[in-house]
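No lab work stands behind these numbers, since they all come straight from the coordinates. This one's a predicted model, so the numbers in the text were calculated from it and none came from an experiment. Reconstructed Cβ throughout: ideal geometry from the backbone, glycine too, with neighbour counts over all protein chains shown.
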Amino acid sequence: MVKHAKVPNADYFKTYLTLVMEHREFTLQEAIDFMVESYFCNNIELYGIKPKQQFEIAIQQLSV
């Protein structure tokens, strides 16, 4: 039986990005680059379209 993982939502990515920015003293862009490299393995569509969209929503919300 294959179990399907829940798609992380924008709040998850906002929290992740915020923690990276605070812990590493990164700007938002540096945190984005770090996540793309470490979480998405330099392939923003690695986990499909939905996580990519949620990640982009989180970035937009943090950019305001």
Checking F26 against (1) of a type in the set (F, W, Y); (2) surrounded by fewer than 17 Cβ atoms within 10 Å (Cβ to Cβ); (3) within 10 Å of the chain's Cα centre (by Cα), which single condition isn't satisfied?
(3)
In segment 11-23, residue surrounded by the fewest Cβ atoms within 10 Å (Cβ to Cβ) [restricted to those that are of a type in the set (A, V, I, L, M, F, W, C) and more than 8 Å from the chain's Cα centre (by Cα)]:
L19
Within segment 45-64, the residues that are within 14 Å of L17 (Cβ to Cβ), of a type in the set (S, T, N, Q) and under 11 Å from the mean Cα position of the chain (by Cα) are Q54
